[in-house]
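Reading through the C-alpha cells given below for one structure.
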There are 2 protein chains.
Amino acid sequence: MTDDSIDQGFFKQHISHQFNEELEDIHTRVLAMGGIVEQQLTDAVSAMVDGNRELAQTVITSDYKVNSLEVELDEACTHVLVRRQPTASDLRLVMAVVKTITDLERIGDEAERIGRMALYLLEEDRAVAPVAEMGAFGSHVRDMLRGALDAVARMDAEHAVRVAQQDIQADSQYEVVLQRLMDQMKKSPETIPRLMDIVWAARSMERIGDRARNICEYVVYFVRGKDVRHTSFDQMAREATGDRG
Amino acid sequence: MTDDSIDQGFFKQHISHQFNEELEDIHTRVLAMGGIVEQQLTDAVSAMVDGNRELAQTVITSDYKVNSLEVELDEACTHVLVRRQPTASDLRLVMAVVKTITDLERIGDEAERIGRMALYLLEEDRAVAPVAEMGAFGSHVRDMLRGALDAVARMDAEHAVRVAQQDIQADSQYEVVLQRLMDQMKKSPETIPRLMDIVWAARSMERIGDRARNICEYVVYFVRGKDVRHTSFDQMAREATGDRG
C-alpha cells in the first residue's frame, strides 16, 4: 500500500456525509461488478482449457448481470454529477468509474465469447491436440484483471503501472499461442474451423489484457490527475510516482 | 431530418452565450475527430482491397492525431462538467461525447490494424487469391460509420436506429468472408499465415461495425434520455420514435 491509496480517508473528506456515502457506494459497486467479471473470466478460461461444459454455460448465461450493472452504475455516476457537481479528485473518480465500467462490460463480453467458443469445441466430435500454452496465457490475463481490480480497490497508481506492464508478456504469450495454432492448421487442414474457434478465444484473451491495462490507466488518471493513455510504460511509471523529470 | 435533430436551436438555448459556444465547440470537434477516423477507415479499406501501400502507411502514421484529439476532447468535457455543471440534455450530451470519442479512438486503432495487415500482405511475395467479398464488406462498414457520424451531426435518433440495424448485415458479410478464408486455408495450407492477416483485417472491420452501432446507441441516449444498450433493435426503434407501447 502506497501513499497514493484511497484508504487514507478519501471517502470521509466531504462535509456532506451523504456525498461520502454516494462515492463510496459507487466505488464498492464497481468492485462488485469487477468481481463478477473476474469470475466470468476464470470460468471461461477453465471451460476452454479443461473443456468444462457447465462452466461455459454459466459464463454465457451470467452476462446479463454485468450488462445491467453497467447501466445502473452509469446512472449512479450521472446522478452524482447532477446532484453533487463534483470537482477535482471527486470528478476524476466519477469519470474514471464511467470509463472503467465500459471496459469491465467489454471484458465480460470477451469472457462470454471464450465460453461460447469452448462450447462449440465441446459440441464437435473431432479431436484436436490442445495448445499447451493456452492455460498459462489465460491465467496470466486473469491475473492482470485481478491486479487491475486491486489497483482500483486501493486506487494505487504504482500498482496500476506494474499491472499495465504485464501486458507486454500477455502480448508475447498470445503470439506464441497463435503460432502454435497456425502450425497445427498447416499440419491438419481439416481441423481449421475448429482451430479458428481457439484462435478467437486467444484473441479475446489478448483483448482482455488490453482492457485490464486501460483500467490501470484510469487509476493513474484518478490518483495523479494525468491522462497516461497513448504514452509509453516509462512515461506512465514516471507519472504514477510523481516523478516528472 | 426529424423533430429530434439537434439543429432546432439546441446550442442557442442557454442564457450563457459562452456555454452555448462551449457545447457547440465540443460537438464540432467530435465531428472533426469522426471525419479523420472515417478517412482512416476509407484509406485502410482501400489499402487492404486494392493493395495500396501509400494509403496503408498514411493510416498507420495518422493514428497519433486521433489519440491526441481523444485526450483533448476528454479534457474539454471535464472542463464543462466542472465549470458549467450541466444537467438534463446538456449533461447527456457531454456523457454521450465522452463515450463516443472512446469508440472513435478504438475505430481508429482498428483502422490502423487493417492498414498494418495490408502492409504485411504487400511485403510478402506469395500470391493469394483475394476474397472478392472483402471490398463490399469494407464499404458497408465504412457506410455504417458515416451514417453513425451523420446521426451524431444531426443528433437524429431515428437515423441512429436505422444505422445500428445495418450491423446485422455487417455480421453476415463477415461470416461469408470468414468462410471463404477458411476454405482457401484448407485448399492451400501454405498460405495460412498470409490468410490469417486477412482474417484479422476482417475481424477489425466487424468490430468497427459494432462500435458504429455503439455510437448510434449514445445518440438515442442523448435524444431520448434512454439507455438502449443491451436492448433489441425493436426496443431501440421504439425508444427512438418515442413509442413506449
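The values are calculated or read from the model by the stated rules, or taken from the named source; none is laboratory data. Note that the coordinates shown come from a computational prediction; the quantities given were computed from them, not determined experimentally. All Cβ positions, even for glycine, are placed from backbone atoms using ideal geometry, and neighbour counts span all protein chains on display. Surface accessibility is based on the protein's heavy atoms, side chains included, excluding ligands, DNA and RNA. Shrake-Rupley method; radii C 1.70, N 1.55, O 1.52, S 1.80 Å.
Does A:VAL97 satisfy the condition of being of a type in the set (Val, Ile, Thr) and either at pLDDT 95 or above or buried (at least 20 other Cβ atoms within 10 Å of the Cβ) (or both)? So A:VAL97 fits the description; yes. Among the residues making up segment B:182-200, those that are over 15 Å from B:GLU133 (Cα atoms) and either of a type in the set (D, E, K, R) or not in a helix (DSSP H, G or I) (or both) are B:LYS186, B:LYS187, B:SER188, B:GLU190, B:ARG194, B:ASP197.
Whenever a residue of segment B:70-86 is in contact (Cβ under 8 Å) with a residue 60 or more places away in the chain and more than 8 Å from every other protein chain (Cβ to nearest Cβ), its partners that are surrounded by fewer than 18 Cβ atoms within 10 Å (Cβ to Cβ) and not charged (D, E, K, R), lying with C-beta atoms within less than 7 angstrom and at least six residues away or across chains, give the pairs B:ARG84/B:PHE19.
Looking at (1) open to solvent by 30 Å² or more (accessible area, probe 1.4 Å); (2) assigned to a helix (DSSP H, G or I), which is the only condition A:HIS14 fails? Of (1) open to solvent by 30 Å² or more (accessible area, probe 1.4 Å); (2) assigned to a helix (DSSP H, G or I), only one is false for A:HIS14: (2).
Restricting attention to segment B:205-245 and to residues that are in a loop (DSSP other than H, G, I, E, B) and away from chain A (no Cβ under 14 Å), the residue that is modelled with the lowest pLDDT turns out to be B:GLY245. Residues in segment A:18-75 that are open to solvent by less than 40 Å² (accessible area, probe 1.4 Å) and part of a loop (DSSP other than H, G, I, E, B) were compared, and the one that is nearest to A:GLU133 (Cα to Cα) is A:GLY51.
Please verify whether B:ILE168 is open to solvent by less than 10 Å² (accessible area, probe 1.4 Å) and out of contact with any Phe, Trp or Tyr (no Cβ under 7 Å at 6 or more places or on another chain), treating the condition exactly as stated.
Working: open to solvent by less than 10 Å² (accessible area, probe 1.4 Å): no; out of contact with any Phe, Trp or Tyr (no Cβ under 7 Å at 6 or more places or on another chain): yes.
No; evaluated as a whole, the condition is false for this residue.
Does at least one position in segment B:166-187 carry a residue that is of a type outside the set (Lys, Arg), touching a helix residue (DSSP H, G or I) at 6+ places or on another chain (Cβ under 9 Å) and at positive phi? Checking segment B:166-187: not a single residue is of a type outside the set (Lys, Arg), touching a helix residue (DSSP H, G or I) at 6+ places or on another chain (Cβ under 9 Å) and at positive phi. Of all residues in segment B:184-197, those that are facing chain A (nearest Cβ under 9 Å) and charged (D, E, K, R) total 3.
Among the residues of segment A:76-94, the one identified as open to solvent by less than 30 Å² (accessible area, probe 1.4 Å) and charged (D, E, K, R) is A:ASP90.
Every condition in (1) under 15 Å from the mean Cα position of the chain (by Cα); (2) of a type in the set (Gly, Ala, Ser); (3) within 13 Å of chain B (Cβ to nearest Cβ) holds for A:ALA160 except the one numbered (3).
For segment A:122-153, filtering for residues that are modelled with pLDDT under 95 and crowded, with 20+ Cβ neighbours inside 10 Å leaves 2.
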